[in-house]
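What follows is a set of notes on a single structure, which appears directly below.
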Amino acid sequence: MVTRDPKLFERASMYHDVGSYERAGFAGADADLIVGVNLRMPELSAAVLRPQLAGLRAQIARRGRHRDIMLSALSDRIGRDLEPVPHHDPSHAAGLALAFPSPGAAAEFGTRRGVHRLIDTGRHVYTNWRSLRARNPLHPGFDPYAANGTEIDHGPGACPRTLEILARTCVVDLAPELPTPAFRLLASRTAG
């Protein structure tokens, strides 16, 4: 899209990547997050990424091994007071989320090392999306809120079931940087 709108250019020129709004010290530094933005990776970042891609398969494989270790350490609790969140491809899963029967049980488990309750992270929770609350599109011509023609509630109570699921769910860091024996020890302490 080519535009000659100086205000749009001014807004875009001070804009950071979406992830910057989750990093400490960056929140609200320049401009509000814009809904639907798709920024391209600069060449310098791509040059750094290329060598890192060489180790990606090994990292994913280690995550898979660590997932199996953690599930084994938690085996006596599975079906009793927690459940692994179903994965669309369990044999290739590289992450682990656990669902608990109550937010309190998840909060207690979330205090363990390498475990985070999803709602507590603040990331990916619609109640924290300033762009959604402020209805801040990239350009008025591409405003999904105006195009809809109806009032949409994006307030904290708009999706109570989503918030309830996030409050009952923890993610486990599978720590691919740790050697497998060290992760085995961490898993036994986490499960305990």
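Structure values in brief
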{"quantity": "Given charges at Cβ of Lys, Arg, Asp, Glu: region 56-191 dipole, positive-most of I69, F100, H88", "calculated": "I69"}
{"quantity": "Total charge dipole magnitude, region 56-191, about the Cα centre, Cβ charges on Lys, Arg, Asp, Glu only, Debye to nearest 20", "calculated": "500 debye"}
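Every number in this text was worked out from the coordinates using simple rules, so none of it is lab data. Since this is a predicted model, take the numbers as computed values, not measurements. Quick reminder, even Gly has a Cβ in these numbers, built from the backbone with ideal geometry, and neighbours come from all protein chains shown.
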